[in-house]
Amino acid sequence: MTNPLFPHPDHDHSGCTTNLMKFADRYCKQAGLRFTKLRRSVLEQIAASHKAIGAYQILDKLAADGQKLAPISVYRSLDFLQDAGLIHRLESTNAYFACQRNFNDDHSEAQLLAKHKCSHKAPLVFLICEDCGVIGEIEGTPIEGLIESVVRTEGFKVDRSQLEIKGICSSCQNSQINKL
Ligand SMILES: [Zn+2]
Ligand SMILES: [Zn+2]
C-alpha cells in the first residue's frame with residue numbers, strides 16, 4: 001500500500017507516533033545503536049507532529065515535562081537521530097522533523113529496515129507546506145538520475161543532497177477555497 005505524502009489533517013496522530021517509536025526501537029536494536037532515554041524523549045518531541053521543530057522548542061517542551069537540559073545535550077541527541085536517519089533537518093529554517101517514511105508504514109520489519117537504509121543514499125526531497133507546516137517526503141527518484149548524470153559529468157563528489165520545495169498542501173488549498 002502506498003501512503004499519501006501528506007496525512008489527512010484530521011487523522012489520529014497517536015497511531016503515527018506509536019509506529020514511529022516502535023520503528024526507532026527496532027531499528028536502533030538491529031543497527032546496534034544506543035537508543036538512550038534522552039534520545040528517545042527528543043525523538044518523541046519531534047514525532048509529536050508532521051511538522052519541523054527547532055532545538056530550542058524541543059528544550060522548552062522537555063523542560064515543561066520536567067527535564068531541564070543543557071542545549072548541548074539536545075544537540076547531541078539531534079546529531080544521533082539525524083545520523084541514524086530517524087530525523088531530518090530543514091536547512092532553510094534549521095528545524096528538525098521525523099523521517100516521514102517511518103510514521104505509517106505497514107511493511108514488514110525487514111522491508112522497513114531495507115527501505116530505510118537505502119533512503120540514506122537518495123537525494124532527500126521535501127515538500128513543505130508554508131500554511132500548516134506539514135512536511136511531505138518523497139523518494140529521490142526520478143530526479144536522482146538527473147542529479148547523478150550532472151555530477152558525473154562535472155566530476156563532482158556529492159556529500160549530501162537535499163531539496164526543499166515550499167508551497168501549500170492540498171488540504172490547506174481546499175480550506176482556503178472554503179473560506180472564500
Ligand atoms: Zn500523523
Ligand atoms: Zn498545509
Exercise. Mind scanning K51/K179; K37/K61; K37/K157 and naming the pairs with a C-alpha gap bigger than 26 Å?
Key: K37/K157
Quiz item: For the chain, what is the mean residue ellipticity at 222 nm derived from helices alone (per DSSP H run of n ≥ 4: -39500 (n - 2.57); sum divided by total residues; nearest 500 deg cm²/dmol)?
Solution: -14500 deg cm²/dmol
Quiz item: Among 11-23, 146-158, 86-98, how do they line up from the highest to the lowest mean number of other beta-carbon atoms within 10 Å?
Solution: 86-98, 11-23, 146-158
Quiz item: Reachable aspartates and glutamates from K68, Cα under 13 Å, same-chain residues fewer than 8 places away excluded?
Solution: D60
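Values quoted throughout were computed directly from the atomic coordinates according to the rules given, and no laboratory measurement underlies them. These figures come from a predicted structure and were not determined experimentally. Cβ: placed from backbone, ideal geometry, glycine included. Neighbour counts: every protein chain shown.
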